[in-house]
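Take a look at the following structure, please.
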Amino acid sequence: MFSRMPWQHPEEMQAYRRGTLALYRSVTAASGRSVVVDSSKKPGRAVAITGADGLDLRIIHLVRNGLSFVEAHLRRGVLSPTGTNYLYGVFRLGMAWSAVNYAAERALSMTGSKGLRLRFEDLLQNPIPSLQSIGAHIDLDTECIQEHVQAGLPISWRHIESGSRHRMGGPAVLDPSFLKYRQLDGRTRLAFQLGGGVLSRRYGYQ
């Protein structure tokens, strides 16, 4: 997870920091806003810019149930319950899920009180408390967003270059039904737990 991140090499880290800060300045200049939301998924990117001059970095570690990660691979046909080494594949997904979240924990530890962990499921099922936590974390009033969500209105985003089909598909509503993934059988759950059970339990997933 960290092996390809530039922070391991001082010169490359400084170049990465300069490039990232230049990008942020361009975004703030174009938008007229002082806050940039960077949805990069690799924790190493946050580690690389931690401590950069002129940057008030606030990290939000958004965790999603690892079983949803497995289900997504099944839905896309990357894994098949009838395929060769299926359970080993699920185990490896559990390990990969753990690796990313361990890396995110490291990034949080480097920012101290400026880090927040939030479960994706809590955001969808109880959006108002989650949005209030985010607002307190980044020192912004999220009341208008809360009202928007309570009214069931779609949320729009800008400055999107690439990403998942959900982000690239246009405005979306925070819909708890999105969490209703199909039931995974016992052997699949056990294989995942062997790879990702420690963190899964730590984050409150059963």
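The values are calculated or read from the model by the stated rules, or taken from the named source; none is laboratory data. Computed from a predicted structure; not experimentally measured. Counting neighbours? That spans all protein chains shown, and the Cβs are built from the backbone with ideal geometry, glycine included.
Suppose the filter is at pLDDT 80 or above and either within 17 Å of Ser39 (Cβ to Cβ) or in contact with a strand residue (DSSP E or B) (Cβ under 6 Å, 6 or more places away or on another chain) (or both); does Ser130 pass it?
yes
Which ones in the stretch 52-78 are out of contact with any helix residue (DSSP H, G or I) (no Cβ under 6 Å at 6 or more places or on another chain), of a type in the set (Gly, Ala, Ser) and more than 30 Å from Leu21 (Cα to Cα)?
Ser68, Ala72, Gly77
Then there's this: Could you tell me whether Glu71 is farther than 20 Å from Arg201 by Cβ, among the charged types (D, E, K, R) and either in contact (Cβ under 8 Å) with a residue 24 or more places away in the chain or out of contact with any strand residue (DSSP E or B) (no Cβ under 9 Å at 6 or more places or on another chain) (or both)? I'd like the intermediate steps shown before the answer.
Numbers: farther than 20 Å from Arg201 by Cβ: no; among the charged types (D, E, K, R): yes; either in contact (Cβ under 8 Å) with a residue 24 or more places away in the chain or out of contact with any strand residue (DSSP E or B) (no Cβ under 9 Å at 6 or more places or on another chain) (or both): yes.
Considered against the rule, which asks whether it is farther than 20 Å from Arg201 by Cβ, among the charged types (D, E, K, R) and either in contact (Cβ under 8 Å) with a residue 24 or more places away in the chain or out of contact with any strand residue (DSSP E or B) (no Cβ under 9 Å at 6 or more places or on another chain) (or both), Glu71 comes out as no.
Kindly evaluate Gly54 against the criterion of being part of a helix (DSSP H, G or I) and either among the small types (Gly, Ala, Ser) or under 14 Å from Ala104 (Cβ atoms) (or both). It would help to see each step written out before you state the result.
Numbers: part of a helix (DSSP H, G or I): no; either among the small types (Gly, Ala, Ser) or under 14 Å from Ala104 (Cβ atoms) (or both): yes.
No.
Right, next: Can you name the residue in the stretch 71-124 that is among the aromatic types (Phe, Trp, Tyr) and within 19 Å of Ala46 (Cβ to Cβ) and is also surrounded by the fewest Cβ atoms within 10 Å (Cβ to Cβ) among such residues? Give the steps one after another, and end with the answer.
Of the stretch 71-124, the ones among the aromatic types (Phe, Trp, Tyr) are 86, 88, 91, 97, 102, 120.
Filter once more, so that each one left must be within 19 Å of Ala46 (Cβ to Cβ): 97, 102, 120.
Values: Trp97: 23, Tyr102: 13, Phe120: 15.
Going through the qualifying residues, I end up with Tyr102.
Going by the structure shown, is Arg25 at pLDDT 90 or above and outside the structural domain of Gly186 (by TED's automatic domain parsing)?
yes
Moving on. Just one of (1) touching a Leu at 6+ places or on another chain (Cβ under 6 Å); (2) farther than 15 Å from Thr111 by Cβ trips up Val37, so point out which.
(1) is the only condition that Val37 fails.
Give Leu93, Leu108, Leu153, Leu123 a once-over and let me know the one that is assigned to a helix (DSSP H, G or I) and more than 24 Å from Arg58 (Cα to Cα). It would help to see each step written out before you state the result.
Working: Leu108 fails: more than 24 Å from Arg58 (Cα to Cα); Leu153 fails: assigned to a helix (DSSP H, G or I); Leu123 fails: more than 24 Å from Arg58 (Cα to Cα).
After ruling out the rest, the residue left standing is Leu93.
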